[in-house]
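The values are calculated or read from the model by the stated rules, or taken from the named source; none is laboratory data. It should be emphasised that the depicted structure is a prediction, and the values quoted were computed from it without experimental measurement. Note that we place each Cβ from the backbone using ideal geometry, even for glycine, and neighbour counts take in every protein chain shown.
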Amino acid sequence: MRSHYKNIEDRFFIRLLLFITMIVCNAAVWRFFVRGLQQCGSVKATAISSSTNYICSAIIGFAVFGEVTSLLWWSGMTLIIWGLVLIVTDQEEDNIKEKST
């Protein structure tokens, strides 16, 4: 009977540890995102944040959960990131044109 309670206690502490880890990671993401907004503007910070989120999700999903992503997923992620890059470069070009006039 005692071993059953030990197993429940272990699960509780593991869940608690994972919950705390999630909160710390989210706080770090917001901290770096706000810093990015202050340093380089909203579009570039959003593009970098989104790209990092997709890539880290795939890596952590594979490392922790053994999740396998398909070629379609990677293709979609690549298209999203390239779209974000195009938006950022287009806005930077607009900013350069506005400054020169």
Residues located in region 7-40, provided they are surrounded by 12 or more Cβ atoms within 10 Å (Cβ to Cβ) and among the small types (Gly, Ala, Ser) = Gly36
Tally of residues being under 20 Å from Ile60 (Cα atoms), at pLDDT below 90 and among the aliphatic types (A, V, I, L, M) across region 23-46 | 2
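I'd like to know if region 2-9 contains one or more residues that are small (Gly, Ala, Ser), without any contact (Cβ under 8 Å) to a residue 24 or more places away in the chain and within 30 Å of Ile80 (Cα to Cα).
Of the residues in region 2-9, the ones small (Gly, Ala, Ser) are 3.
Retained after the next criterion (residues that are without any contact (Cβ under 8 Å) to a residue 24 or more places away in the chain): 3.
Of the ones still in play, those that are also within 30 Å of Ile80 (Cα to Cα) are none.
No, that holds for no residue.
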Close pairs from region 52-69: first charged (D, E, K, R), partner surrounded by 10 or more Cβ atoms within 10 Å (Cβ to Cβ), Cβ under 7 Å, at least 6 apart | Glu67/Gly61
Which one of these does Val43 not meet: (1) under 15 Å from the mean Cα position of the chain (by Cα); (2) surrounded by 14 or more Cβ atoms within 10 Å (Cβ to Cβ)?
-> (1)
Of (1) in contact with a Lys or Arg (Cβ under 9 Å, 6 or more places away or on another chain); (2) not in a helix (DSSP H, G or I), Val68 satisfies all except one. Which?
-> (1)
